[in-house]
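So the structure is just underneath, and the comments pick up after that.
The values are calculated or read from the model by the stated rules, or taken from the named source; none is laboratory data. What you see is a predicted model; the values in this text were computed from it and never measured. Every residue, glycine among them, receives a Cβ derived from its backbone with ideal geometry; neighbour counts consider all protein chains shown.
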Amino acid sequence: MRYRATLHGQAFTFGSVREVLAKASEAKSGDAMLGIAADSALERIAARYVLSELPLRELRANPVIAYEDDEVTRVIEDSLNEAIFAEIASWTVGELREHILSHDSTGEEVLRLSRGLTSEMIAGVAKLMSNMDLVYGAQQLRVTATAQTTLGRPGTMSFRLQPNHPTDNVEGILATVMEGLSYGSGDAIIGINPAEDSVARTAELMERTDAFMRHWRIPTQSCVLSHIGTQMEAVERGAPVGVLFQSIAGTEETNTSFGVDAALLREAADLIARKGVAPGPNLLYFETGQGSEMASDSDHGVDEMTLEARTYGFARPFAPFMVNNVSGFIGPETLYDGKQIIRACLEDHFMGKLHGLPMGMAPCYTNHTNADQNDQETATMLLAMAGACYYMGIPMGDDVMLSYQDTGLHDDATLRELLGLRPTPEFEAWLEQLGVLRDGRLGPNAGDPTIFLRYEPEELLDLSRPRAQATVEARR
Amino acid sequence: MSDVEAIVRAVLAELGRQGQEPDPAGRPSASDGGPEAGGEGLRLDLPDLATPEARRVSGLPDPADPEALAGLLETTTARLGVGRAGPRPRTRSLLLFQADHGVTQDAIHGEVDEAVKEGLGLFTVDTEVADGEEYLLRPDLGRRLSAEAKATIAERCVARPQVQIVAAAGLSAAAINHNLPQLYPVLEQGLRDRGLRLGTPFFIERARVGVINDVGEALDADVVVILIGERPGLGIPDAMSAYLGWRPRGGKTDAHRDLLCMITDRGGVNPLEAGAYVAEVVATTLAHEASGVELRRLLGGD
């Protein structure tokens, strides 16, 4: 017995920080599958009670996977700010929760402290938060990042246009790009998941997307989401792209199963800074999600929420342009239903922001999960209130290549209207010229992809303005 | 489920008593499915929203280029040109989306036709999964062949094949029913034409992709191909994937595998073409004695 707490006359004991963290989580099917979840509702609260009284130094001294055993632990530990950690080492997790929620601390101050927080501490404090705590706590945390344009500015809400096609038909992908742009989506990035992971396909998609963006002077960035090694080879051969993508996870073993490690990411960051078409400094895009570790049998008996936090800790030193999570993507074995998916989304957004990351969200579900589009829309509205930097934009939310549902193009426009938020400024100016947006609401040409075929750019755009990508073109 | 069926039967019986059951001949109404005022009050006979033709009806009242719009809709199965009500979807697109989700929900617990398995000479073994609910919640058990399955395989299969093919319903029995009879003969012929030594194919009940490690170990196979139903996409309940790996053994992961997904006639990779393509990838895998990330590295990224 290491930690003990009594509630309603019942005593509960816990043997390790790892056990406390796992049992303090809201119910998740993934943790139950691993046999690490709380055995009863009261045990779950007892674990939270213990967690609330643990000093931060106790969590730092007990990472859920040992330093010498795991690269993710080493990246988190080695990138911590020691001076800031020293200021708060004696705080308990419960005190940290109250500090984050307090009117006495600003978002900037919380983000400064976060440089002294390990991912286990961030997971721990999120476990002590209710859903509204997670929304309130995250809303003050404003993180911006710049590739070609800048995401996350106050008053903005951006979208990744995701124009996937089941067989990578380029005309079909561009048709979807046109549809998405006509709803004001795509200011975060135009990001295509190819069905075929090859250098030739990746390079072709990079070239055609870049050509379309140049022709229409679209002030945004693009990305093709094949394996990062495939993208790097395409860029080495001269394919034009601004941002490189990779899925990452919270254990070294899972990252190995994805074919990635810190050295490869450093190599990628270096390559895209030298050969990419966007100036940066933030040029990597990471995707994450609760449950990916257990899906590849490499979870080390750690709960899925703590592993997700560690994924953000692994991402942090790479100063990415975008991070988003797709926690509903795997299925009912990790998050059983809409309630668990919504909870996980709020946790992930908060934990990502508290790591100082430009966090976007892909609240999503698959058709073998007990969830539907109403759950998806509910999650999206809550996350919009929490201040997520960006969401996906998919025609009617239906990804015809990846076979799951996510945020739809109509939802993108609706969220902006509901909350009075705008695209990135340069993208908004571009949309206004196209007649897609009028004073922040959808305009006369909204929803009509054929404007890109009926007109030439000079008929709609004011080309006397400086071209958004002039500097990049000069460099090339 | 049986409760729902009982309710549906009761409702249909009640409708029958009131003389309101659907016309068994499926005769369309005079006004092309629109409302029809008659002596007995309003009657409706609405046409299917989910046919390929109905899906291609644009919801845009006044596109800048109507001809170009038709062209765009031909290029993809994505839901383009749907129009809007304010910033929200139009009623028709919303209902089509919900219908597509509904059909998927109804189909997800389907069964593979015995005739399909028999037609291809596949016998059936199982994993450690006990039932459908456990299949969804415990993928780890779906990656393990049962002890009985291992014994059956040892008895009935050719040992140490160059290529072992297995099939599994995964999350869509319809994927196997619709695609396997087309894909399998092309794949088999493609492998035989290359002079490869094939194993004895079989079907695995309630399996996950990772079960190929157990198959590879049990038979000491060089390459294992699994043809498996994907989790259903909206309105596409029948897409199949082919995963394959070089010497799959305990501990191998997706990083060691190659994948062709979205094999379906409904806007994906045609199953006949898929069969030929998979045969080619198998040959490449055998030639380089590698798959997945390792194979991509050997091929210089291609």
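Values computed for the structure shown
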| read-out | value |
| --- | --- |
| Residue in segment B:241-255 that is within 9 Å of chain A (Cβ to nearest Cβ), in a helix (DSSP H, G or I) and surrounded by fewer than 24 Cβ atoms within 10 Å (Cβ to Cβ) present | yes |
| Top-ranked residue in segment A:384-407 [being touching a Phe, Trp or Tyr at 6+ places or on another chain (Cβ under 9 Å) and part of a strand (DSSP E or B); ranked as nearest to the other protein chains (Cβ to nearest Cβ)] | A:Asp398 |
| Members of segment A:203-244 found to be touching a helix residue (DSSP H, G or I) at 6+ places or on another chain (Cβ under 6 Å), under 23 Å from A:Asp187 (Cβ atoms) and charged (D, E, K, R), listed by number | A:Arg208 |
| Contacts under 7 angstrom Cβ, first residue in segment B:85-100 being within 8 Å of chain A (Cβ to nearest Cβ) and closer than 22 Å to A:Gly184 by Cα, partner part of a helix (DSSP H, G or I) and among the hydroxyl-bearing types (Ser, Thr, Tyr), 6 or more apart | B:Pro87/A:Thr414; B:Arg88/A:Thr414 |
| Yes/no for B:Ile176 being in contact (Cβ under 8 Å) with a residue 24 or more places away in the chain, in a helix (DSSP H, G or I) and closer than 20 Å to B:Thr264 by Cα | yes |
| Filter pass, B:Leu49 being assigned to a loop (DSSP other than H, G, I, E, B), touching a helix residue (DSSP H, G or I) at 6+ places or on another chain (Cβ under 6 Å), surrounded by 10 or more Cβ atoms within 10 Å (Cβ to Cβ) and modelled with pLDDT of 55 or more | yes |
| Pair list, Cβ under 9 Å, 6 or more apart: segment A:1-27 residue exposed (fewer than 12 other Cβ atoms within 10 Å of the Cβ), other residue at pLDDT below 95 | A:Gly15/A:Met1; A:Gly15/A:Arg2 |
| Single condition A:Arg153 does not satisfy, out of (1) in a loop (DSSP other than H, G, I, E, B); (2) within 11 Å of chain B (Cβ to nearest Cβ) | (2) |
| Which numbered condition A:Cys223 misses (of (1) assigned to a strand (DSSP E or B); (2) surrounded by fewer than 20 Cβ atoms within 10 Å (Cβ to Cβ)) | (2) |
| Evaluation of A:Glu267 against (1) out of contact with any Pro (no Cβ under 9 Å at 6 or more places or on another chain); (2) free of Cβ contacts under 8 Å to residues at least 24 places away in the same chain (one fails), failing number | (2) |
| Residue count, segment A:244-264 (criterion: of a type outside the set (Gly, Ala, Ser) and under 23 Å from A:Glu207 (Cα atoms)) | 3 |
| All positions within segment A:101-132 that are farther than 28 Å from A:Val75 by Cβ, in a helix (DSSP H, G or I) and not hydrophobic (A, V, I, L, M, F, W, C) | A:Asn131 |
| Filter result (more than 9 Å from chain B (Cβ to nearest Cβ), in contact (Cβ under 8 Å) with a residue 40 or more places away in the chain and either of a type outside the set (Val, Ile, Thr) or assigned to a loop (DSSP other than H, G, I, E, B) (or both)) within segment A:179-209 | A:Gly180, A:Leu181, A:Ser182, A:Gly184, A:Ser185, A:Gly186, A:Asp187, A:Ala188, A:Gly191, A:Asn193 |
| In segment B:57-84, residue surrounded by the fewest Cβ atoms within 10 Å (Cβ to Cβ) [restricted to those that are farther than 20 Å from B:Gly268 by Cα, within 7 Å of chain A (Cβ to nearest Cβ) and of a type in the set (D, E, K, R)] | B:Asp65 |
| Answer from A:Leu357, A:Leu346, A:Leu335 - the residue that is under 13 Å from the mean Cα position of the chain (by Cα), of a type in the set (A, V, I, L, M) and assigned to a loop (DSSP other than H, G, I, E, B) | A:Leu357 |
| Any pair with Cβ under 6 angstrom, 6 or more apart, that starts in segment A:158-176 at a residue that is more than 21 Å from A:Ser198 (Cβ to Cβ) and more than 7 Å from chain B (Cβ to nearest Cβ) and ends at one that is acidic (Asp, Glu) and part of a helix (DSSP H, G or I) | A:Phe159/A:Asp412 |
| Out of B:Thr284, B:Thr200, sole residue that is surrounded by fewer than 20 Cβ atoms within 10 Å (Cβ to Cβ), more than 13 Å from every other protein chain (Cβ to nearest Cβ) and among the polar types (S, T, N, Q) | B:Thr200 |
| Filter result for the condition that a residue is surrounded by 18 or more Cβ atoms within 10 Å (Cβ to Cβ), at pLDDT 95 or above, under 27 Å from the mean Cα position of the chain (by Cα) and aliphatic (A, V, I, L, M), over A:Leu111, A:Leu59, A:Leu54, A:Leu101 | A:Leu59 |
| Scan of segment B:267-285 for residues that are closer than 14 Å to B:Gly190 by Cα and of a type in the set (A, V, I, L, M), ordered by number | B:Leu272, B:Ala274, B:Ala276, B:Val278, B:Ala279, B:Val281, B:Val282, B:Ala283 |
| Qualifying positions in segment A:405-424 - crowded, with 24+ Cβ neighbours inside 10 Å and more than 16 Å from the chain's Cα centre (by Cα) | A:Gln405, A:Gly408, A:Leu409, A:His410, A:Asp411, A:Asp412, A:Ala413, A:Arg416, A:Pro423 |
| Subset of segment A:28-47 (residues that are more than 14 Å from chain B (Cβ to nearest Cβ) and surrounded by 22 or more Cβ atoms within 10 Å (Cβ to Cβ)) | A:Ala38, A:Ala46, A:Ala47 |
| Some residue of segment B:268-288 being over 27 Å from B:His109 (Cα atoms), assigned to a helix (DSSP H, G or I) and among the aromatic types (Phe, Trp, Tyr) | yes |
| Residue in segment B:153-161 that is without any contact (Cβ under 8 Å) to a residue 24 or more places away in the chain and either in contact with a strand residue (DSSP E or B) (Cβ under 9 Å, 6 or more places away or on another chain) or not β-branched (Val, Ile, Thr) (or both) present | yes |
| Residue match in segment A:222-242 (condition: more than 18 Å from A:Ile272 (Cα to Cα), of a type in the set (Asp, Glu) and within 14 Å of another protein chain (Cβ to nearest Cβ)) | no |
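Here is a yes/no grid of residues against (1) out of contact with any Pro (no Cβ under 7 Å at 6 or more places or on another chain); (2) within 14 Å of another protein chain (Cβ to nearest Cβ); (3) over 23 Å from A:Thr414 (Cβ atoms); (4) not aromatic (Phe, Trp, Tyr):
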position: A:Glu308; (1), (2), (3), (4): yes, no, yes, yes
position: A:Thr311; (1), (2), (3), (4): yes, no, yes, yes
position: A:Thr334; (1), (2), (3), (4): yes, yes, yes, yes
position: A:Ala362; (1), (2), (3), (4): yes, no, no, yes
position: A:Glu377; (1), (2), (3), (4): yes, yes, no, yes
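Each row is one residue, and each column tells you yes or no for (1) under 26 Å from A:Leu174 (Cβ atoms); (2) aliphatic (A, V, I, L, M); (3) surrounded by fewer than 24 Cβ atoms within 10 Å (Cβ to Cβ).
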{"site": "A:Asp210", "(1), (2), (3)": "yes, no, yes"}
{"site": "A:Trp216", "(1), (2), (3)": "yes, no, yes"}
{"site": "A:Ala239", "(1), (2), (3)": "yes, yes, yes"}
{"site": "A:Ile248", "(1), (2), (3)": "no, yes, no"}
{"site": "A:Glu252", "(1), (2), (3)": "no, no, yes"}
{"site": "A:Thr256", "(1), (2), (3)": "no, no, yes"}
{"site": "A:Asp261", "(1), (2), (3)": "no, no, yes"}
{"site": "A:Glu267", "(1), (2), (3)": "no, no, yes"}
{"site": "A:Leu284", "(1), (2), (3)": "yes, yes, no"}
